[in-house]
Each structure stands twice: as structure tokens, then as C-alpha cells.
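Participant: Pasting a structure here, questions to come.
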């Protein structure tokens, strides 16, 4: 191989390593436009592709250039495959848990208590109501259990940031499902509309039997806890545009739970406190885990380029 060919190959690798996220973003953008003209594809998936493009394009300031590709891929690919599996089978697993939960004896019934608390039905969120806004809130809520975490996780994968991937993942469903289950087994509380005898805000057309199961697990609101946990972690992002755009979506999820009469105000407050505690726990666990990582693995994982490392650390310090 000639010196010129080697230099050209090196230059191409340097450019692709520097701008690969733009290529990924462009790919999602093209897929978004191609999908947008297909009538059989739902609006949510079309928007999702454009959101992924947006996430990739805004990853410039968050790229971990101090991380080697092969060790990162060795750690990230299994995580990505696990996320894909949960994304496909997660609701089925959650449904089995609901069925098991309905067979258990009620410990504390909060339904009669919560409906007597003033302002707890969040009627103030429905002062303004319109058909288009209700449809928008339904889409937000329908995608608000997974999407608040999924998009930042995919963006962290694009940025080669393993710590951020784990932080989003643990602070969302991994820790929360286990930590919140005791609450759901102890407190029996159903969605606001069901307890008050109002129409279903999501217009799901549920039978009485199905509604009795679907409306379980209102305290605390897990839609709220996941969305608010992601909002708290998003505050650490360097890119302000992504941080505030996706942060707005996360807060919209919380609002939708009250606007659609899915959750009571106390559910939402409890969900936010639960999210804060979960993020603090995740920070503690990750800090401890990092101390246990052997030095040779860190050398294997990171480039030993002091310029790159110091540049990243200075950025961390600037954005803190």
C-alpha cells in the first residue's frame, strides 16, 4: 500500500469518526421523508424518525472522542439488543404483571380517599380544552412510557457515552419497575376518570372488565416518574436545543396524565419525588461502580490522549 493511499485512508477515517453522527442523522431524515408519504404508517412513527434525526444532529457537543470504538461497541451492542427486546416484549411482560397483581388481595384502597381531596382531580389542567389539543395529549401520553427514555438512550449510543446510556436506562424502567412494584401491591388506586365515572380520556373503548385492570397502578404515576427522571438527567446534556426540546416533551407527558384524567395530582407529585430519589440512587450506584472498574479496563476503553481527555473534562466543567 502506498503512502498516499495510507494517508487518504487515514484522512477518511478521521473525517468519518468526526462527522459520523451527521451521517446517521441524515439517514433518519431520509427515512423520515420516505415514510411521511406512506399513508399506512402512523403519525407517531413518522414523527419518531424525525426526532431520531434531530437527536443525532444535536449530538455534536456530546460526542465522547476519548472512547475507543471497539470496546464501546462490545459493551453497547448487548445493551442495544436488550433494549430492542424490551421495546418489543415489554408491554406483554407488564400485562402479565397486571394480571398477577389483580389476583392479589387489596391492602389499602385509595380510591374513596383520593376522590374527596380538593383539586386532586386536576380539573385546572382542563380549563382550556379543544379537539386538536386533546388528540395531541393522547399521542404524548401513548408514547410517554417509553419514548422519554428511548430517544436519549439512542442519542447516548450515537455519542459513544456508555455512562450516559446506563444512567438513562437505570433511572427509567430498570430501577423504577422494581422500586415501584411494592407501592402498586400495597396501594389500590385507579385512574381518575374511572373512579369519577367520567369518559376515558384516552378513548380506548375499554370494556368494564378491561378497564378495571388497565386503570390500576395510579399511585405513584409511573408515566410521571419516568418522564421526570429523564428530565432531570436531560439537564446534564451539553446541547441546549436537545435538552430543552426533549425536556419539554417529558414535561408534556406529565401534563397529559392530568389533562386526560389518567392520574391524580398526588400521583404526579409522588411520581416526581420518586423520580428524584431514583436518579439520586442511580448516581450513587454509578459512582460506586466506576470505582470498582480496574485500571487496565479503563486503559482499554479510553484513548490515552491527554488533549482529548482534558478537552472533554473542560467541557464537563464548563457545563456543570
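The values are calculated or read from the model by the stated rules, or taken from the named source; none is laboratory data. What you see is a predicted model; the values in this text were computed from it and never measured. Reconstructed Cβ throughout: ideal geometry from the backbone, glycine too, with neighbour counts over all protein chains shown.
Participant: Among the listed residues 249, 231, identify the single one that is in the same structural domain as residue 145 (by TED's automatic domain parsing) and surrounded by 21 or more Cβ atoms within 10 Å (Cβ to Cβ).
Facilitator: Testing whether each residue is in the same structural domain as residue 145 (by TED's automatic domain parsing) and surrounded by 21 or more Cβ atoms within 10 Å (Cβ to Cβ) leaves just 231.
Participant: Give me the pairs, please: first residue somewhere in region 291-305 and under 15 Å from residue 75 (Cα atoms), second residue anywhere and in a helix (DSSP H, G or I), beta-carbon distance under 6 Å, and either six or more positions apart or on two chains.
Facilitator: 300/71; 301/71
Participant: Sticking with this structure for a sec: Give the number of residues within region 127-139 that are over 11 Å from residue 202 (Cβ atoms) and in contact with a helix residue (DSSP H, G or I) (Cβ under 6 Å, 6 or more places away or on another chain).
Facilitator: Selection size over region 127-139: 0.
Participant: Looking at (1) more than 19 Å from the chain's Cα centre (by Cα); (2) closer than 25 Å to residue 15 by Cβ; (3) at pLDDT 90 or above, which is the one condition that is false for residue 59?
Facilitator: Only one criterion in (1) more than 19 Å from the chain's Cα centre (by Cα); (2) closer than 25 Å to residue 15 by Cβ; (3) at pLDDT 90 or above is unmet by residue 59, namely (1).
Participant: Turning to a different aspect of this structure: For the structure I just gave you, tell me whether residue 266 is surrounded by 15 or more Cβ atoms within 10 Å (Cβ to Cβ), within 17 Å of the chain's Cα centre (by Cα) and part of a helix (DSSP H, G or I).
Facilitator: Judged against the criteria, residue 266 is not a match.
Participant: Out of 136, 145, 175, report the one residue that is free of Cβ contacts under 8 Å to residues at least 24 places away in the same chain and under 25 Å from the mean Cα position of the chain (by Cα).
Facilitator: Every option except 136 fails the conditions.
Participant: Looking at region 205-218, I want the residues that are on the phi > 0 side of the Ramachandran plot and crowded, with 16+ Cβ neighbours inside 10 Å and have a partner that is modelled with pLDDT of 85 or more and part of a helix (DSSP H, G or I) with Cβ atoms under 8 Å, at least 6 apart or on another chain. Which pairs are those?
Facilitator: From residues that are on the phi > 0 side of the Ramachandran plot and crowded, with 16+ Cβ neighbours inside 10 Å, the pairs are 217/184.
Participant: Then there is this: List the number of the failed condition for residue 26; all other conditions in (1) assigned to a helix (DSSP H, G or I); (2) modelled with pLDDT under 90; (3) surrounded by 12 or more Cβ atoms within 10 Å (Cβ to Cβ) hold.
Facilitator: Going through (1) assigned to a helix (DSSP H, G or I); (2) modelled with pLDDT under 90; (3) surrounded by 12 or more Cβ atoms within 10 Å (Cβ to Cβ) one by one, residue 26 breaks only (2).
Participant: If residue 50 satisfies all but one of (1) outside the structural domain of residue 253 (by TED's automatic domain parsing); (2) at pLDDT below 95, what's the number of the condition it fails?
Facilitator: The one condition residue 50 does not meet is (2).
Participant: Which of the residues belonging to region 268-299 are touching a helix residue (DSSP H, G or I) at 6+ places or on another chain (Cβ under 7 Å) and closer than 30 Å to residue 206 by Cα?
Facilitator: 268, 271, 272, 274, 275
Participant: Of all residues in region 112-132 being part of a helix (DSSP H, G or I) and either farther than 30 Å from residue 45 by Cβ or free of Cβ contacts under 8 Å to residues at least 24 places away in the same chain (or both), which is nearest to the chain's Cα centre (by Cα)?
Facilitator: Among those residues, the one meeting the criterion is 132.
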